[in-house]
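Below is one structure, written out as structure tokens; comments come after it.
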Amino acid sequence: MNSEQQNLRLQKIITAIGAVLLVIKMAAWYLTNSIAILTDALESIVNVVAGLIGVYSLYVSAKPKDRDHPYGHGKAEFLSAAVEGTLIIVAGILIIYKACRSIIHPEPIQKLNYGIILVIGTAIVNYVMGLMCVQTGKKNNSAALTASGEHLKTDTYTTAGIIVGLILLYFFKYPWIDSAVALLFAFIIMITGYKIMRSSIAGIMDEVDTKLLNKMVATLNANRRENWVDMHNLRIIKFGGKLHLDCHLTVPWYLNVNEAHAEIDALSNLIKKEFSSSMELFVHSDPCLEFSCRICTKHDCAVRQHALERKIIWTIENISTDNKHHL
């Protein structure tokens, strides 16, 4: 099973379990008439709807590249995450409205002990599902699965806070506690929705992933081969669970085609081993020039014209520039 199929299978399971949890939370709300529990139930509705959208987006992103989509269909995952973030914000607004209305026109709370037990059970299941989603999503570079997992984990944290509020309400009997808890976590939910939307927009707009680039640059510096005289114009683009990297690799000018290709293969194998087998690389080989001698660490070079003056340590800034490096 490849990573795309694994993502899709897990998303289907998460969505089905989410639907069951939604029924349980709605039952808890029906028993208690608690606005705080309704807050949790509304977020579960978002979970289910977003899960269905996530299933479709992962189905689309798992399709192989074709003539109309030469880079594949991975961008569909970012659209899914954007929709999920929007739904979360809308749910937060609805919760605020309902909580404010409850403050003005309070309704009696009942059977709170049963409601607390049901909500605790859903929180435990939610956290386990969220953890699985995040771990698998990060492993397979899936924006949709990671977004779903982060949402479920945040849902668990908000549920935990709601449970604390319900326990306080159970013991102290102040009706306003219910609405106050709902308002507090409505704002937390909306912040989560904003972060998910922000992340999805960054993916759609091919924003630089600084964390990924830092890790890649560190890997390249640690495993740099002698014939890798220099590297520049490195760029990474995300297509859902797939990564596309292109760069220019400077090698000694006297290497033949097969030797230069072997250096490119070594670079490709290193990147795929450390990051993802789903990564696609396009590497342009450049011949070293006279000024390259001053930054070249190759010891047995018979055509060296200048002594090594300083080794260039690659950074995000210098490895991403368009030009070859000079001292």
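The values are calculated or read from the model by the stated rules, or taken from the named source; none is laboratory data. Everything quoted here is computed from the prediction, not taken from an experiment. Cβ coordinates were reconstructed from backbone atoms using ideal geometry, including for glycine residues, and neighbour counts include every protein chain displayed. Note: accessible area is taken over every heavy atom of the protein model, side chains too, but ligands, DNA and RNA are not part of it. Shrake-Rupley method; radii C 1.70, N 1.55, O 1.52, S 1.80 Å.
The modelled label-to-label distance between Thr219 and Ile204, using points 7 Å beyond Cα along the C-beta direction, is 2.8 nm. DSSP beta bridges confined to the chain are antiparallel in about 50 percent of cases.
What angle do you read, to the nearest 10 degrees and between 0 and 90, between the alpha-carbon axis of helix 76-104 and the longest principal axis of the chain? That works out to roughly 30 degrees. So how tilted is helix 35-61 from the main axis of the chain? Cα-based, degrees 0 to 90, rounded to 10. With rounding to tens, the tilt is 30 degrees.
Alpha carbon centre of segment 96-131 versus segment 2-26: separation in Å? Measuring centre to centre over Cα atoms gives 21 Å.
Report in % the part of the accessible area of segment 135-280 that belongs to carbon and sulfur, leaving out ligands and nucleic acids; probe 1.4 Å.
Result for segment 135-280: 61 percent of the exposed heavy-atom area is carbon or sulfur.
Computed from label points 7 Å out along Cα-Cβ, the spacing between Glu107 and Lys211 is 4.0 nm. Taking Cα Rg over 2.2 N^0.38 Å as calculated from this structure, the corresponding entry among [x] 1.32; [y] 1.21; [z] 1.00 is [x]. When nucleic acids and ligands are ignored and a 1.4 Å probe is applied, Asp209 ends up with an accessible area of around 50 Å². Here the spin labels are modelled as points 7 Å beyond Cα on the Cα-Cβ line, and at His306 and Tyr170 they lie 7.5 nm apart. For the residues Phe275, Phe282, a 1.4 Å probe over the protein chains yields an accessible-area ranking, largest first, of Phe282, Phe275. Scalar couplings 3J(HN,Hα) for segment 188-201, obtained by applying the Karplus form with A = 6.51, B = -1.76, C = 1.60 to θ = phi - 60°, are 4, 4, 5, 5, 4, x, 4, 5, 5, 4, 4, 5, 5, 5 Hz; x denotes Gly and Pro. For the listed residue pairs Lys215/Lys311; Lys98/Lys139; Lys98/Lys238; Lys25/Lys242; Lys65/Lys324, the alpha carbons are over 30 angstrom apart in Lys98/Lys139; Lys98/Lys238; Lys25/Lys242; Lys65/Lys324.
Quote to one decimal, in nm, the extra length available between Glu317 and Ser285 on full extension: 0.36 nm per residue of separation minus the C-alpha distance between them. Present the calculation step by step, with values, prior to reporting the outcome.
Working: separation 32, 0.36 × 32 = 11.52 nm, distance 2.02 nm.
Extra length from Glu317 to Ser285 when fully extended: 9.5 nm.
Could you list which residues have their amide H under 5 Å from that of Trp314, counting only those 5 or more apart in sequence or on another chain, with H placed in the peptide plane? Amide H neighbours of Trp314, under 5 Å, 5+ apart: none. Sorted largest first by accessible area at a 1.4 angstrom probe radius, with every protein chain in place, the residues Met190, Met132, Met216 fall in the order Met132, Met190, Met216.
Amide H contacts of Glu280: Leu243, His244, Leu245, each under 5 Å away and 5 or more positions distant or on a separate chain (H built 1.01 Å from N in the peptide plane; Pro and chain starts excluded). Under 13 Å Cα-Cα from Lys138, which aspartates and glutamates qualify once same-chain neighbours fewer than 8 residues away are excluded? Here the aspartates and glutamates satisfying the reach criterion relative to Lys138 are Glu4, Glu150. With protein chains left intact and a 1.4 Å probe, residues in the chain average 51 Å² of accessible area per residue. For Trp253, the residues 5 or more places off, or on other chains, whose built amide H falls under 5 Å of its own are Cys288.
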